[in-house]
Amino acid sequence: MVTPKVFESEYRFCLILWEHEPIKSGELVALCKEELGWKNSTTYTVIKRLSERGVLKNEKSIVTSLISRDEVQIAEIDELIEKKFDGSLPSFIAAFTKHPKMSEQEIDEIQRMIDRFRKEDVK
């Protein structure tokens, strides 16, 4: 299954949804007004649009997600790698590791992730 595209403003909306789901649509509207400064109509439009694209469902005024934050983030990274690095994960990692502000702790954590991945891949 292909993860539907979630644009930046929709992603901010989804962050609120993921934190509070399942949630009544009226409560979600109030949260979006408070946290995003959106009008009621804007939130209902986004709910409808994301529902049509399969990102969430709105049944009996209860809104729940159909895709997770991880799925959206992975799809976004895949798109970035495809567009900016010709689909090459090693090229992406090479560019990423040239970041001048990486701390020793961040480097160690990345190495632990790679080690865990390698162990899981072997099983």
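Quick note: the coordinates plus some simple rules give every number you see, no bench work behind them. Since the structure is predicted, the reported quantities are computational estimates derived from the model, not experimental observations. Counting neighbours? That spans all protein chains shown, and the Cβs are built from the backbone with ideal geometry, glycine included.
Points to keep in mind about this one:
- Other residues with beta-carbon under 14 Å from the beta-carbon of Asn58 carry, at +1 per Lys or Arg and -1 per Asp or Glu, a net charge of +2.
- Per-pair calculated FRET efficiency, R0 = 25 Å: Leu15 and Ser103 via Cβ, rounded to 0.05: 0.45
- Ordering of 109-115, 60-66, 25-31 by packing is 25-31, 60-66, 109-115, highest average first (other Cβ atoms within 10 Å, averaged per residue).
- Counted charge near Ala30, where neighbours are those whose Cβ lies closer than 13 Å (Asp, Glu -1; Lys, Arg +1): 0
- Val63 long-range amide H proximity, modeled H, under 5 Å: Ile23, Lys24, Ser25
- Listed by chain and number, the aspartates and glutamates whose C-alpha is less than 20 Å from the C-alpha of Lys101, apart from same-chain residues fewer than 8 away, are Glu109.
- Of all lysines in the structure, those lying under 21 Å Cα to Cα from Lys57, and not within fewer than 8 positions of it along the same chain, are Lys5, Lys24, Lys33, Lys39, Lys48.
- Taking 0.36 nm per residue of separation and subtracting the current Cα-Cα distance, fully stretching the chain between Ala30 and Ile93 would add 18.7 nm.
- Estimated purely from DSSP H runs of n ≥ 4, each contributing -39500 (n - 2.57), the mean residue ellipticity at 222 nm for the chain is -21500 deg cm²/dmol once divided by its residues.
- Rg to Rh quotient for the range 73-123, alpha carbon positions, Kirkwood Rh: 1.02
- The range 1-115: radius of gyration over Cα atoms, expressed as a fraction of 2.2 N^0.38 Å: 1.32
- Rounded is the label for the range 8-69, because a/c, from the alpha-carbon gyration tensor with a ≥ b ≥ c as root eigenvalues, stays below 1.5.
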